[in-house]
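Asker: This is the structure I have questions about; it appears just below.
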Amino acid sequence: MIKLVLHILCCCSVYLGLANSLMAVAEDPPVRRYIDHPDVHAFIDARVAEGFDKNYLVALFAQAEYKQSIVDAISRPAEFTHTWKTYQDIFLTESRIRQGQQFMLENARALKLAEAKFGVPVEIITAIIGVETMYGRIRGSYRVIDSLSTLAFDYPPRSAFFRSELKHFLHLVKEENQDARLPKGSYAGAMGYGQFIPSSYRHYAIDFDGDGQRDIWNNKTDAIGSVANYLALHGWQDGELITVKATLVEDSMQAGPASENFNKSLKPTASIASMEKLGLHWQQKLKSEPLISPMLLHGKQGIEYWLGLKNFYVITRYNHSKLYAMAVFQLSQRLRDF
């Protein structure tokens, strides 16, 4: 009887081992390395013409891997359209505010220096880093060489853009004396505390602590200075308002002004007079006849009217979304008032 039981257990172990092996094969398809991709050698030759060593690039792309999860992530349609209400739930949490306050305390000197040099408020710099990576806690888990190779050579809709970013990445790691196999980031190749894509990294990242290296991957001081530099070079106006909240004048249209008057452009193109004609008014004093970007948002308390100014538009240069910019603005207000 004991021998029979042992025989059954041994058989079960064999079958279970075989089943697990088959499952492992199903779950882990063979690794596809980019040195075998038909377009990579032409890409390598173009980089060699720019001064790269061919043997180095061949060895690098022999280790770069295709990631199906990256293609899935970039091509997956949104399950629903975000509203200001859902953004509030994500980015204006007590946890994000509390951690932002801690970040400001721990990096007070670098933040104050950045504000003094670039004119960008401490709380705006902090809010962008908070929205992008939860103050550096979530910086991305994909190797950048894998992300950019996958999208450059196996995502036709945007292959030209990502091949350009891959080229910038190779130049970047060469300039900063980094091992191209090591940096990690988002599935789209954004890196570091501020999530700069390689071209933005090369153009806007700065060595803010003077150690001879631009390191926004791990150096919070460089990241702080780089975010401020990015906004300054995109036209940040020191001391100016960002956006103001508007309300409907009493006895104006009960349904409110037509929605087609709002959310037309991130860039300020509408006049103050046109908003007054729609029955809107606001408390803050604005410059004489500034251009504005009128916004209608659906928040937790219902419909909200906002007038975006030049600095609001500058924030959208970081991420081309009015909801993103509004999240940065309101998070910054919570951080400023703590």
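Asker: Return only the number of the condition from (1) under 17 Å from VAL144 (Cβ atoms); (2) not in a helix (DSSP H, G or I) that ALA223 does not satisfy.
Answerer: (2)
Asker: Would you tally the residues in segment 189-213 being under 28 Å from ALA64 (Cα atoms) and either among the small types (Gly, Ala, Ser) or crowded, with 24+ Cβ neighbours inside 10 Å (or both)?
Answerer: Matching residues across segment 189-213 total 13.
Asker: Moving on. For segment 210-227, does any single residue satisfy the condition of being under 16 Å from the mean Cα position of the chain (by Cα) and over 30 Å from TYR56 (Cβ atoms)?
Answerer: Yes: one or more hits.
Condition check ((1) basic (Lys, Arg); (2) part of a helix (DSSP H, G or I); (3) without any contact (Cβ under 8 Å) to a residue 60 or more places away in the chain; (4) surrounded by fewer than 24 Cβ atoms within 10 Å (Cβ to Cβ)) across all residues:
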site	(1), (2), (3), (4)
ILE97	no, yes, no, yes
GLN102	no, yes, yes, yes
LEU105	no, yes, yes, yes
GLU115	no, yes, no, yes
GLY130	no, yes, no, no
LEU151	no, yes, no, no
ALA160	no, yes, yes, yes
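Asker: So which pairs qualify, if the first residue must be in segment 218-235 and under 12 Å from ILE315 (Cα atoms) and crowded, with 24+ Cβ neighbours inside 10 Å, the second must be modelled with pLDDT of 95 or more and hydroxyl-bearing (Ser, Thr, Tyr), the Cβ gap must be under 6 Å, and the two must be at least 6 apart or on different chains?
Answerer: TYR230/TYR204
Asker: For segment 30-77: of the residues being part of a helix (DSSP H, G or I) and of a type in the set (Lys, Arg), which is surrounded by the most Cβ atoms within 10 Å (Cβ to Cβ)?
Answerer: Applying the first criterion (part of a helix (DSSP H, G or I)) to segment 30-77 yields 34-36, 40-48, 54-61, 68-75.
Next cut, of a type in the set (Lys, Arg) only: 47, 54.
Numbers: ARG47: 17, LYS54: 12.
Filtering segment 30-77 for residues that are part of a helix (DSSP H, G or I) and of a type in the set (Lys, Arg), the one surrounded by the most Cβ atoms within 10 Å (Cβ to Cβ) comes out as ARG47.
Asker: I need the full set of residues from segment 319-338 which are more than 12 Å from LEU266 (Cα to Cα) and aromatic (Phe, Trp, Tyr), in order please. Walk me through how you get there before you give the answer.
Answerer: Here is the first cut: in segment 319-338, the ones more than 12 Å from LEU266 (Cα to Cα) are 327-338.
Passing the criteria: PHE329, PHE338.
Asker: Considering only segment 33-45, state which residues are in contact (Cβ under 8 Å) with a residue 24 or more places away in the chain and hydrophobic (A, V, I, L, M, F, W, C).
Answerer: ILE35, VAL40, PHE43 - these are the residues of segment 33-45 that are in contact (Cβ under 8 Å) with a residue 24 or more places away in the chain and hydrophobic (A, V, I, L, M, F, W, C).
Asker: In addition: Would you check which residues across segment 112-143 are more than 11 Å from ALA228 (Cβ to Cβ) and touching a helix residue (DSSP H, G or I) at 6+ places or on another chain (Cβ under 6 Å) and list them?
Answerer: GLU123, ALA127, GLY130, VAL131, TYR135, ARG139
Asker: Sort out which residues of segment 255-275 are charged (D, E, K, R) and either within 19 Å of GLY302 (Cβ to Cβ) or part of a helix (DSSP H, G or I) (or both), and write them in order of number. If you could, list the steps in order and put the result at the bottom.
Answerer: Initially, segment 255-275 is screened for residues charged (D, E, K, R), giving 260, 264, 267.
Scanning segment 255-275 gives a single hit, GLU260.
Asker: If you don't mind, another one. Of all residues in segment 114-166, which are within 20 Å of GLU65 (Cβ to Cβ) and acidic (Asp, Glu)?
Answerer: Scanning segment 114-166 gives ASP146, ASP154, GLU165.
Asker: For segment 123-180, name all the residues that are of a type in the set (Phe, Trp, Tyr) and more than 15 Å from TRP217 (Cβ to Cβ).
Answerer: Once the filter is applied, which keeps residues that are of a type in the set (Phe, Trp, Tyr) and more than 15 Å from TRP217 (Cβ to Cβ), segment 123-180 yields PHE153, TYR155, PHE161, PHE162.
The values are calculated or read from the model by the stated rules, or taken from the named source; none is laboratory data. Treat the numbers as computed from the prediction; the structure is a model and nothing was measured. Cβ coordinates were reconstructed from backbone atoms using ideal geometry, including for glycine residues, and neighbour counts include every protein chain displayed.
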